[in-house]
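Student: Encoded as structure tokens, here's the structure I'll be asking about.
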Amino acid sequence: MGFRFPFPKPIELVKYLISIVSGKDSLILDSFAGSGTTGHAVLKQNLEDGGTRKFILVEMDEHIAKNVTAERVKRVSHGYTNAKGEAVPGLSPAGGGFQFCTLADEPLFTPQGQIRDDVTFAQLAEFVWFAETGTGYTGNATSPLLGTHEGRAIYLLYNGILKDKSVGGGNVLTGAVFNILPSFDGPKIIYAAACRLGAPRLQREQIVFKQTPYALEV
């Protein structure tokens, strides 16, 4: 039989515990995030002692995660207006770097580290974009050019996105494939199953090749 606490976790207590058991650059994990008190406490402690702690909050209830946990962290990070109409400043410089992520129902990779056969281009595009930029993907996943970030273009060749019916499905970076990719005048990161371009061509075209699935990690 579970015990129900008659009061929520007090933020000052959590903040105190964080201050005595963690370093200023620690990563704090709360696997039962609930209302987001731990995230609030981390931000508040960072502001007080100049720390750069980060946190990961996990909440299984989708409604609570989106409408309670994430909403609280967003407000205390960016600032909000309280019930009295008073502006409450945010606890993170420039709003911090808060990200809200939803886990897929099934893993993208097999136990052997290979991409599952039923993974769609859109699913892998989201993973590639997050792995490369640390931000959520907002594109429509209809082009091998996923988008640009901080002056570089990010491409993904996978699952017939080029409508190639060959064995490789257009997933191999060759000269012919590169020539039909959406152009970008600047640094390019291209994820593909293999690369047939030599080092001089890669350097000339400002391409950083990353092989899937081995380069996919966060």
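Student: If I take every Cα pair under 8 Å that is 6 or more residues apart in the stretch 11-95, average their sequence separation and divide by the length, what percent do I get for the relative contact order?
Tutor: Here the relative contact order equals 27 percent.
Student: Along the charge dipole of the chain, pointing to its positive end and built from +1/-1 on Cβ of Lys, Arg, Asp and Glu, which listed residue (Y191, G50, G85) has its Cα farthest out?
Tutor: Positive-most Cα among the choices belongs to G50.
Student: Let me ask you something else. Taking just the C-alpha trace of the chain, give me its Rg and Dmax in Å.
Tutor: Just the Cα atoms of the chain yield Rg and Dmax of 21.9, 67 Å.
Student: Report the local net charge at L157: Lys and Arg +1, Asp and Glu -1, summed over other residues whose C-beta lies under 13 Å from its C-beta.
Tutor: +3
Student: What is the local net charge at V76, summed over the other residues whose Cβ is closer than 13 Å to its Cβ (Lys, Arg +1; Asp, Glu -1)?
Tutor: My count for the surroundings of V76 gives +4.
Student: Would you kindly derive the ³J(HN,Hα) couplings of the stretch 43-51 from the backbone phi angles with the Karplus curve 6.51 cos²θ - 1.76 cosθ + 1.60 (θ = phi - 60°), listing them in order in whole Hz, with x for Gly and Pro?
Tutor: Couplings: 4, 5, 5, 4, 5, 6, 10, x, x Hz.
Student: Excluding V177 itself, what net charge comes from residues whose Cβ is under 11 Å from its Cβ, given Lys and Arg +1 and Asp and Glu -1?
Tutor: Residues near V177 contribute 0 overall.
Student: Ok, one more. No solvent, one uniform scatterer per C-alpha: report log10 I(q)/I(0) for the stretch 156-218 via the Debye equation at q = 0.21 1/Å, two decimals.
Tutor: Listed by q, the Debye log ratios stand at -0.84.
Student: Follow-up. Can you tell me the relative contact order of the chain? Whole percent, Cα pairs under 8 Å, sequence separation 6 or more.
Tutor: 11
Student: Could you compute how fast the stretch 11-95 diffuses translationally, taking Rh as the Kirkwood radius over C-alpha pairs and applying Stokes-Einstein at 25 °C with viscosity 0.890 mPa s? Give it in µm² per second.
Tutor: 187
Student: When only C-alpha pairs under 8 Å and at least 6 residues apart count, what is the relative contact order of the stretch 121-211, in percent?
Tutor: For the stretch 121-211, the relative contact order is 22 percent.
Student: Sticking with this one: Taking +1 at the Cβ of each Lys and Arg and -1 at the Cβ of each Asp and Glu, which of T135, L173, F209 sits farthest along the dipole of the stretch 121-211 towards its positive end, judged by Cα position relative to the Cα centre?
Tutor: Checking the options against the dipole of the stretch 121-211, the answer is L173.
Student: With a ≥ b ≥ c the root eigenvalues of the C-alpha gyration tensor of the stretch 110-218, is it rounded (a/c under 1.5), prolate (a/b larger than b/c) or oblate?
Tutor: Rounded is the answer for the stretch 110-218, as its axis ratio a/c remains below 1.5.
Student: Right, another one. Any idea what the dipole of the chain comes to, in debye rounded to 20, about its Cα centre with Lys/Arg Cβ at +1 and Asp/Glu Cβ at -1?
Tutor: Result for the chain is approximately 320 debye, rounded to the nearest 20.
Student: In whole angstrom, how far apart do the alpha carbon centroids of the stretch 105-130 and the stretch 144-218 sit?
Tutor: 17
Student: While we're on this one: Enter the angle in degrees (range 0 to 90, nearest 10) between the Cα long axis of helix 11-21 and the first principal axis of the Cα atoms of the chain, meaning the one along which they spread out most.
Tutor: Relative to the chain, helix 11-21 is tipped by roughly 70 degrees.
Readers should treat all values here as calculations from the given coordinates under stated rules, not as data from a laboratory. Predicted, not measured: the structure shown is a model, and the values here were computed from it. Using ideal geometry, Cβ is built from the backbone for each residue, glycine included, and neighbour counts are taken over all protein chains shown.
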